[in-house]
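To start, the structure itself, in structure tokens.
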Amino acid sequence: MSPTERPPALAELRAEIDRIDEAMHRLLMQRGEIIGCLIRTKKTAESGSAFRPAREADMMRRLVERHAGMLPLDTVESIWRVIIATFTYVQAPFRVHADFSSGESAMRDSERFHFGFTVPVVAHLGAAGVVAAVAAAKGDLGLVPVTASAADGAWWSALEGADVPKIIARLPFVERGDHPAGLPVFAIARPHPDAIVTDIEMWSIRVAGWGKRPAQALAGVVETMAVPDRVSDGAALLASIPRDRTLAEVTGALVEAGASVRSQALVGSHATRYTVTADATGR
């Protein structure tokens, strides 16, 4: 605006805001109509079948990359998360089973941020209870803290084998130091073939001869959680293996460090974490 131009009157600005608000509402209603067409096209009422973590992660990345202006990224991300989760629920109703054993406040923040208030949440005190509930349901989803309580032991062992739930996502999709719902959690569900994304594979590995040397050997290869066996020198591991690494590299590092691998099983996968730096750029 040039110095000689008259600034818009408050009434004009408020009318423009009202126009934008109405347009957004109408677009949401149009989105709902498309979802209705999608339901009729698929001819399915199968719960949980609409959850697509790969697509959602891509949507969040694109949202962050195009965002600009004074509106905080937290607000934009939370609005989109609620829109996605609510329309997913309308398309195929599901419940979220959440492990509150490591702290109810942080887990509830994560659940509400990613799924809003429309999707029902069921509280559990332990990762094992979440996995069991998801396994017994037709299409529910579970949330377990990445650093679950040690009292749960190797909870991921229940994800081994066929026709059982798997890790299908790691939340939040967009990570940053000041995230309002920054608790890292695994999303667990019975995977739909279209929902699987294999940027990072999750492997359950059981070893004998676990100790400082094997732990140090893996630290330089992949991110790993370990639950030592209380009655032997073994351990149950949950290894996050990205595409630029292989399972053979992980098991080879263990053997070279003096451990022996007893078993290995794929228990899920998820998208690569998208990190936003302090200057709001992504990588």
Query raised in the report: Considering only DSSP beta bridges with both partners in the stretch 112-244, what is the antiparallel share in %, to the nearest 5?
Result: 100 percent
Query raised in the report: Which order, highest average first, do 162-173, 62-73 follow once you tally other Cβ atoms within 10 Å for each residue and take the mean per peptide?
Result: 162-173, 62-73
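Full extension from Ala9 to Arg31: what is 0.36 nm times the residue separation minus their Cα-Cα distance, to one decimal in nm?
Full extension from Ala9 to Arg31 adds 4.6 nm.
Per residue, how much accessible area does the chain have with a 1.4 Å probe, in Å²? Intermediate values should be presented prior to the final figure.
Values: 14790 Å² over 283 residues.
Ligands and nucleic acids excluded, the result is 52 Å² per residue.
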**Report entry** DSSP-defined beta bridges in the chain - what % are antiparallel, rounded to 5
**Finding:** 75 percent
**Report entry** Between the stretch 1-41 and the stretch 120-196, the alpha-carbon center distance in angstrom
**Finding:** 37 Å
Report task. Report in % the part of the accessible area of the chain that belongs to carbon and sulfur, leaving out ligands and nucleic acids; probe 1.4 Å. Result -> 57 percent
Query raised in the report: When the dipole is taken about the Cα centre of the chain, and only Lys, Arg (+1) and Asp, Glu (-1) are charged at their Cβ, what size is it in debye, to the nearest 20?
Result: 520 debye
Requested in this report: Take the Cα atoms of the stretch 165-220, build their convex hull, and give its volume per residue in Å³.
Outcome: 138 Å³
Query raised in the report: With contacts defined as alpha carbon pairs under 8 Å and 6 or more residues apart, what's the relative contact order of the stretch 175-242 in percent?
Result: 35 percent
Query raised in the report: Percent relative contact order of the chain, based on C-alpha pairs within less than 8 angstrom and at least six residues apart?
Result: 18 percent
Query - Interatomic Cα distance distribution for the chain, bins of 5 angstrom, percent - result: 1, 5, 11, 14, 16, 15, 12, 9, 6, 4, 3, 2, 1, 1, 1, 0, 0
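Please state the shape class of the stretch 124-202: rounded when a/c is under 1.5, otherwise prolate if a/b exceeds b/c and oblate if not, all from the C-alpha gyration tensor.
oblate
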Requested in this report: Report, please, the projected area of the stretch 89-158 averaged over directions, based on the convex hull of its C-alpha atoms, in nm².
Outcome: 4.5 nm²
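The values are calculated or read from the model by the stated rules, or taken from the named source; none is laboratory data. Computed from a predicted model, the values in this text were never measured in an experiment. For neighbour counting, all protein chains shown are included, and Cβ atoms are generated from backbone atoms with ideal geometry for every residue, glycine included. Ligands, DNA and RNA are stripped out before the accessible areas are found, and what is left, the full protein with its side chains, is counted by its heavy atoms. Shrake-Rupley method; radii C 1.70, N 1.55, O 1.52, S 1.80 Å.
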